[in-house]
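A.B. asks: Take this structure, written in structure tokens, and hold onto it; I'll ask about it next.
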Amino acid sequence: MNEPFRLSTEDLQHIVMSLQQKGYEVIGPRNSDGVIVYDRIHSTDDLPAGFVDEQAPGMYRLAKNGGTQFFGYTLPPQSWKRFLYLPRRELIAFDKDGKSFGVSHQKDEAKPYAFIGARPCELKAISIQDRVFSSGDYLDDGYLSARRRNFIIAVNCSHAGENCFCTSFGTGPEAESGFDIALTEIVNEEKHFFVAGAGSDSGKSLIEEIGPARAVEGDVDAAHEVIRKTSDAITKSLDIAGLPKLLSDNSDHPHWDDVAKRCLTCGNCTMVCPTCFCSTVEDATDLSGKTAKRTRIWDSCFTMDFARVSGGNFRISAKSRYRQWLTHKLSSWVEQFGVSGCVGCGRCITWCPVGIDLTAEVGAIKGGVAKQENGGS
Ligand code: SF4
Ligand code: SF4
């Protein structure tokens, strides 16, 4: 990161205004009916000042703590992927005109988005989706267009949630790359400010335009202390050594039957995951039969139709669907894209209605392997 600056809360408001004047739609965290959502913000008044979240397996609760911190919550259910990789995207439309029809293809429709409040693990998730959508034979023009014009202000984490395990993957709680500006929020009895650094030329010019004060040594030390305390507060972990092989070698492990007894195959885990990218295509006509549209929508490997092919369905059971998801995420994803499909954000644990925790499931499989090696299990 470049030279650190000290941004006041007014400076942050100037940044929001400047981004809007440059044509960005500014998206940030807001409190909406008791949950943090990423949505359009008009000013820093829209940020969820004083709100903190409590998370546990299958549990989320947002509460006001009477403070002033803008970014005191951990992570919301939604991730930034819903702006970069739209949940519904029209691909092609047909309009009937007499006996012929016209065809229109959906082109670069993305707005230039400025994100405020991206967490370090979320930056990593975006970099993973960059690989998915910009490599191989099939590039996603909508995603690439959104990313080309995307400005990101990251905020280092000041509160670890019970389900966070970013430290296992080295993806948090401090942002190292993938941002234009990174902030650490400092709030104490006397002061509320941000230690800021630029991560790109555009971030540097925006900071120069606002002209904040240089950070002094004590500010930088305070920022390091926030990150150190957050890191120390992370209690959940996943042992990733040899994980891809562990899962690919254990497709018949008895623990998959145990998870299948609990898993509802609702697909929540895939919807909230910031890296999951499966989609399906839906064709529909209007009632008059004059227009037809082909739309790409998010799909999940947990839905019954996902593995339906000519001749049958090759993943009928809950066991096969959960195993597919976890094994892809933590094992075959590495083979496919060169990185893990998990960044340790913990969303799938919080938003699983029955509180299935992938770190515990992997631990059970690992434990079972150890027992098998000792002649047990
Ligand atoms: S693991 Fe949980 S969130 Fe995922 S499909 Fe099963 S019940 Fe739903
Ligand atoms: S698998 Fe779960 S913990 Fe990992 S990135 Fe996806 S939602 Fe987050």
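The values are calculated or read from the model by the stated rules, or taken from the named source; none is laboratory data. Fair warning: this is a prediction, and the values are worked out from it, not measured in the lab. Using ideal geometry, Cβ is built from the backbone for each residue, glycine included, and neighbour counts are taken over all protein chains shown. Surface accessibility is based on the protein's heavy atoms, side chains included, excluding ligands, DNA and RNA. Shrake-Rupley method; radii C 1.70, N 1.55, O 1.52, S 1.80 Å.
Residue by residue, here is whether (1) at pLDDT below 95; (2) surrounded by 15 or more Cβ atoms within 10 Å (Cβ to Cβ); (3) of a type outside the set (A, V, I, L, M); (4) within 27 Å of Asp219 (Cα to Cα) holds:
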residue: Leu7; (1), (2), (3), (4): no, yes, no, yes
residue: His14; (1), (2), (3), (4): no, yes, yes, yes
residue: Lys22; (1), (2), (3), (4): no, no, yes, no
residue: Ser32; (1), (2), (3), (4): no, no, yes, no
residue: Arg40; (1), (2), (3), (4): no, no, yes, no
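A.B. asks: For the stretch 312-330, what are the residues that are among the hydrophobic types (A, V, I, L, M, F, W, C), away from ligand 2 (no atom under 14 Å from the Cβ) and assigned to a helix (DSSP H, G or I)?
C.D. replies: Scanning the stretch 312-330 gives a single hit, Ala318.
A.B. asks: With surrounded by fewer than 20 Cβ atoms within 10 Å (Cβ to Cβ), modelled with pLDDT under 95 and in a loop (DSSP other than H, G, I, E, B) as the only criterion, which of Gly375, Gly368 stands out?
C.D. replies: Among Gly375, Gly368, only Gly375 is surrounded by fewer than 20 Cβ atoms within 10 Å (Cβ to Cβ), modelled with pLDDT under 95 and in a loop (DSSP other than H, G, I, E, B).
A.B. asks: Could you name every one of the strands (runs of 3 or more DSSP E) located completely within the stretch 2-57 that has at least 1 residues being within 20 Å of the chain's Cα centre (by Cα)?
C.D. replies: Here the list reads 25-32, 35-40, 51-56.
A.B. asks: Give me the residue from the stretch 274-303 that is touching a residue at least 60 places away in the same chain (Cβ under 8 Å) and among the hydroxyl-bearing types (Ser, Thr, Tyr) and, out of that set, least open to solvent (accessible area, probe 1.4 Å).
C.D. replies: Filtering first and then ranking leaves Thr275.
A.B. asks: Next up: Determine the pairs where a residue that is on the phi > 0 side of the Ramachandran plot, located within the stretch 353-364, has a partner that is near ligand 2 (Cβ under 10 Å from one of its atoms) with Cβ atoms under 8 Å apart, the partner being 6 or more residues away or on another chain.
C.D. replies: Within 8 Å, the pairs are Gly355/Ile349.
A.B. asks: Just checking: which of the helices (runs of 4 or more DSSP H) contained wholly in the stretch 193-273 hold 2 or more residues that are open to solvent by 40 Å² or more (accessible area, probe 1.4 Å) and within 16 Å of ligand 1 (Cβ to nearest atom)?
C.D. replies: Where helices (runs of 4 or more DSSP H) fall fully within the stretch 193-273 and carry at least 2 residues being open to solvent by 40 Å² or more (accessible area, probe 1.4 Å) and within 16 Å of ligand 1 (Cβ to nearest atom), they are 255-262, 268-272.
A.B. asks: Shifting gears a bit: Which of the residues belonging to the stretch 331-349 are surrounded by 22 or more Cβ atoms within 10 Å (Cβ to Cβ) and either away from ligand 2 (no atom under 15 Å from the Cβ) or not in a helix (DSSP H, G or I) (or both)?
C.D. replies: Ser340, Gly341, Cys342, Val343, Gly344, Cys345, Gly346
A.B. asks: Quick check on my filter: what residues within the stretch 64-114 are part of a strand (DSSP E or B) and in contact (Cβ under 8 Å) with a residue 60 or more places away in the chain?
C.D. replies: Scanning the stretch 64-114 gives Arg88, Arg89, Glu90, Leu91, Ile92, Ala93, Phe94, Asp95, Lys96, Tyr113, Ala114.
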